[in-house]
Structures are given as structure tokens and as C-alpha cells.
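For reference, the structure is listed below as C-alpha cells.
The values are calculated or read from the model by the stated rules, or taken from the named source; none is laboratory data. Bear in mind the structure is a predicted one, so any value in this text is a computation, not a measurement. Every residue, glycine among them, receives a Cβ derived from its backbone with ideal geometry; neighbour counts consider all protein chains shown.
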Amino acid sequence: MKSIGERIKEYRLKNNMTQEQLASYLYVTYQTVSKWETGVSSPDLSLIVPITRIFHITADELLGVNDVQDDKRYVELKKAYDQTFKTEDFAERQRICELAVAEYPGDMNWLRNLAWVISNRSFEYADNEKYAAEQEKAIKLFDSVIKNCKDDVIKGSAITGITQLLCWRGRKDEARRYVEMIPERSMITREAVLEYTLEGEELAIFKQKRIMSHMEGIIWDLSLARDLRSDLIRKIIDTMLPDGNYLRFNLDLYQAAEKELKYILNNGQENSKEKISALLKEMRAYAEAYDRIVFKKPGVYKYTAPWFDRIEEDTRLWIGNEGTHMIDEYRKLVSKEKFDNIRDML
């Protein structure tokens, strides 16, 4: 990587400027500029901004912050580091990271890598004091990355690492404060890291809510599919909620049955009276169950199926609970002329 003096010389020549001219602009002697360019000394911090203004460049460009991408030594260290994942030589990995941090101070990627390897190696020590000391060292390194890194991916990784360590050290409240710092563009979600800080009943509730969230996502995607997937939606809900205590999923079941009904009617299957009648009866049951907990007796309800028996729903907070009752939508549907021939079956 080029020294700051080498970059000053490079930009000076690009601007067709002599050492004497640059020195006069900065109120220093040309010998001082010469010492910078030959590596004998470096400019004072107070001169960094004036130099960047003279050359019309950024401080990053002057300091060579981005030069590491083309630095052969940097690439060499990276290759050696990657090789340790094949050999599983953690001691060598730590040695490489320590070299890289020393040679490239301020490189948050290497500092993050060093923190991770120290964290992982801490479990090798049988001595509790050494084990704790190494973990505290990793915590400090992760914290430094979090405070100084602008890259969301690296920062998110560091937050994951420090959260795990703090939880192992029994400092869950401190860990949760770091969870709140996870950047939006991080490759890891806040929920994924939050799990490390939970235990007991709190963890059980968290896992059930995550399963429910995945289930809701699948149902949503299936509902948008072009081909008919209403039967699959209903099977998923019945599998996860076999006791019939559907709560919010009454709405999904109603919509799935309605979609299947429309499919039958749109494909010239009006003669399927029994199927149409069965679907309409299902829709009525779902509508009545939904209206009961949202309009007639709104409040806090709990799922009773094993997968979700720790989750509660406050129907007073549901979006649209001031709107039209589902049973009214149902009656409006069955009042259409196309259902005249089966109305007596409902």
C-alpha cells in the first residue's frame, strides 16, 4: 500500500505542481514536502484538510483508504485467512488476523475477523480466567467495530458476535441493547440475533411467533399464486391448528374457500351443487367465528393448538375491526342469483 507521502507526490505531479509551489500553499518549506514524499516524515494532521482542498480530493483518497483493494499484501493475507477454513487451524487464523490488524489499522473487516476467532478460541481454554479474559477481549473488539464501522454487513456480524458473547457471560440486558443497533441492510435480522438473549418461556413464545410468521408468509404467497392453491392453504392451517381454534386464520380460511368457489363457478362447474353448498357452509362458519371474536366479544384470545399455545391475540387491535362484518359480506355473496338453486341447501 502506498504511503501518504507517495500519494502526495502522485497528486502533486497530476496537478503539474512543484514541491516549492505545494510548500508555499501550505506555508511549509519545500524540504518538508520532500521529506513527506520520501517517507522521512508525514504531514501534520492539521494539514490533511488543506492538502485535500489543494488537490480537490477526499481525505480517504489522500490516506489511501481504498487502496487496500489493489494491495497485493492485503490479498495475500486474505488468501491465507481463507485457507484456514479448510485446515481448521484456528491458531493460524488468529495469527493472520493479528498481522492484518497491525498492518492495516482501522480496517474494520480484519478487526471483526480477529474478534470472531478470539471468541471461537476462547472455548479451547479449560482455565476459567483465561476463558473469560479472551471473551472480554473479543467483546471489546466487537464493540470497537460496531462504534467505528460504516459497513452494515460487517457491523451486523459484529453485533451478532458480541450478542452471543454477552449472553454467554450472563449479560443479557446489555446484549439486547446491541440487538437494537442492527442496521436495516445487515445480512442478519434483528429477530435472529434477539433469540440469543432469550430463555425459558420468553424463548418458547419467540419461537412460536417465528413459526407463525413463516406460516403466514407461506399462506400469503400461496394466495397470490395464479393456479388454485386454496386447498393447500386450508390443509396447512388445519395441520397447524388441528383443534379448529383458528382465531385470525378464520379470515384466511374464508378467503381460501371463496377463491375455490370462484374457481368452480368460473370453470363451468355450476352443477357441483354439493361442493358449492359445502364451501358456502364453511365460509359461513368462518365468518361467524371471526365476527364473534372481533365484533361481538372483542378481547384477548389464546391459541390452543400445541404449535401456538403460548401466543395470544388481542382482537381489539386488529386492522379493520371497525369495518363490515364478515357475515354481512357472506350474505351479500349468497344473495346473488347464481346461488338460487342451492339456497335451500344452506
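Points to keep in mind about this one:
- Flag for residue 254 being surrounded by 13 or more Cβ atoms within 10 Å (Cβ to Cβ) and in a loop (DSSP other than H, G, I, E, B): no
- Residue within the range 222-245 that is part of a helix (DSSP H, G or I), over 18 Å from residue 307 (Cα atoms), assigned by TED's automatic domain parsing to the domain that holds residue 291 and small (Gly, Ala, Ser) present: yes
- Condition check for residue 11: surrounded by 13 or more Cβ atoms within 10 Å (Cβ to Cβ), farther than 30 Å from residue 113 by Cβ, of a type in the set (Phe, Trp, Tyr) and over 45 Å from the mean Cα position of the chain (by Cα): no
- Scanning the range 101-119 for residues that are among the aliphatic types (A, V, I, L, M) and either farther than 21 Å from residue 165 by Cβ or not assigned by TED's automatic domain parsing to the domain that holds residue 165 (or both) gives a single hit, 102.
Residues checked against (1) surrounded by 12 or more Cβ atoms within 10 Å (Cβ to Cβ); (2) not basic (Lys, Arg):
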residue	(1), (2)
169	yes, no
172	yes, no
175	yes, yes
197	yes, yes
217	no, yes
223	yes, yes
241	yes, yes
245	yes, yes
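- Among the residues of the range 262-299, just one is among the polar types (S, T, N, Q), in a helix (DSSP H, G or I) and without any contact (Cβ under 8 Å) to a residue 40 or more places away in the chain, namely 266.
- Boolean, residue 247 is on the phi > 0 side of the Ramachandran plot, at pLDDT 90 or above and aliphatic (A, V, I, L, M): yes
- For the range 2-29, a residue qualifies if it is among the hydrophobic types (A, V, I, L, M, F, W, C) and assigned to a helix (DSSP H, G or I), and the qualifying residues are 4, 8, 13, 22, 23, 26.
- Condition broken by residue 134, with the remaining ones in (1) closer than 26 Å to residue 3 by Cα; (2) surrounded by 15 or more Cβ atoms within 10 Å (Cβ to Cβ); (3) of a type outside the set (Gly, Ala, Ser) satisfied: (1)
- If the condition is being of a type outside the set (Gly, Ala, Ser) and surrounded by fewer than 23 Cβ atoms within 10 Å (Cβ to Cβ), then the range 100-110 contributes 101, 103, 104, 105, 107, 108, 109.
- Residue among 302, 259 that is within 35 Å of the chain's Cα centre (by Cα), within 24 Å of residue 212 (Cα to Cα) and without any contact (Cβ under 8 Å) to a residue 12 or more places away in the chain: 302
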